[in-house]
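Have a look at the structure below, then the notes.
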Amino acid sequence: MAKIHPVLRNRTSGVSFSDAPLESEKIASLLEAFCWAPSSRNAQPWRLVVVQSPEAHQKFDEALSENNQKWATQAPVKMIILGNPEEQPDRNGQNRWLLDVGLALENLLLQGCDMGLTVHAMAGWDEEMVMKNFNIPAPFRVAALFAVGYPGNVADLSEELQQKANQPQVRKPLDEIVSWDAFGQAVN
Ligand SMILES: Cc1cc2nc3c(=O)[nH]c(=O)nc-3n(C[C@H](O)[C@H](O)[C@H](O)COP(=O)(O)O)c2cc1C
């Protein structure tokens, strides 16, 4: 494998969280990393809701898919990533705001990894419930939810979650996803 920055290879979507609370400086670093992402026209069409109080945790947890409730509810901090399609209008029939928000999310995932945290993004949730539970107004859309905390002991997880935690990280080989000079053309 070609050489890459270690944080890119070390990041994983872990499912175990320790009981240790997340220090406010760590949360501040995650938020700072998020906002330094690039975006088209520097529109920054993103917002974040940080979930800290027990009441907000409950509202977050109930909006998760059944599978995500199995592991994400244990995290000490959770966040909701929002996008505003009006701040980054569609182009070529594509949702451009989602790309910007995705880049900001990756910034945060990498910052979290660099600080030794587990940060796990989720697409499994009920958007209507998230909007209602957190008073999110239109035209904002929910882009992603994620759970963050210090990694816990995998051995303490259920068998099902241990299996998820121990799944090998796999990626498509580069020759399957990269073309040279024209789509589908392999390197000479
Ligand atoms: C936008 C996004 C949504 C995801 N949604 C979920 C989810 O709902 N539940 C889950 O367990 N993992 C979710 N994941 C984690 C992926 O399953 C994970 O990134 C992928 O399997 C690769 O594993 P790795 O992150 O450990 O490299 C999501 C990841 C991303 C980027």
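The values are calculated or read from the model by the stated rules, or taken from the named source; none is laboratory data. Keep in mind it's a predicted model, so treat the numbers as computed, not measured. Counting neighbours? That spans all protein chains shown, and the Cβs are built from the backbone with ideal geometry, glycine included. Protein only, heavy atoms only, side chains kept; ligands, DNA and RNA dropped before computing areas. Shrake-Rupley method; radii C 1.70, N 1.55, O 1.52, S 1.80 Å.
Things worth noting here:
- Most to least accessible of Cys113, Cys35 (protein chains only, probe 1.4 Å): Cys35, Cys113
- Estimated from helical segments only, the mean residue ellipticity of the chain at 222 nm is -10000 deg cm²/dmol, where each DSSP H run of four or more residues counts as -39500 (n - 2.57).
- Euclidean distance of C-alpha centroids, the stretch 1-49 and the stretch 87-107, integer Å: 17 Å
- Rough spin-label spacing in nm, given labels placed 7 Å along Cα→Cβ, for His57 and Glu106: 3.2 nm
- Residues Lys3 and Trp36, FRET efficiency given R0 of 25 Å [Cβ-Cβ distance, rounded to 0.05]: 0.55
- Within a Gaussian network of the chain (alpha carbon springs, distance under 10 Å), most fluctuating of Glu87, Glu106, Glu159: Glu159
- A probe of 1.4 angstrom, applied to the heavy atoms of all protein chains, finds Thr12 with accessible area near 70 square angstrom.
- Annotation: extensible slack from Glu159 through Gln94 equals 19.3 nm (criterion: 0.36 nm per residue apart, minus Cα-Cα distance).
- Surface composition of the stretch 6-152: carbon plus sulfur atoms hold 49% of the accessible area, using a 1.4 angstrom probe and ignoring ligands, DNA and RNA.
- Accessible surface, per residue, of the stretch 6-152 when the full set of protein chains is kept, probe 1.4 Å, Å²: 50 Å²
- Bins of 5 Å, starting at 0 and running to the largest distance - Cα pair percent for the stretch 70-156: 3, 12, 21, 21, 19, 12, 7, 3, 1, 0
- Filtered trypsin sites (Lys or Arg not before Pro), the stretch 1-92: DSSP coil and at most 16 other beta carbons within 10 Å: Lys3, Lys70
- Rounded to whole Å, sorted largest first: equivalent-ellipsoid semi-axes of the chain, Cα gyration tensor: 28, 24, 16
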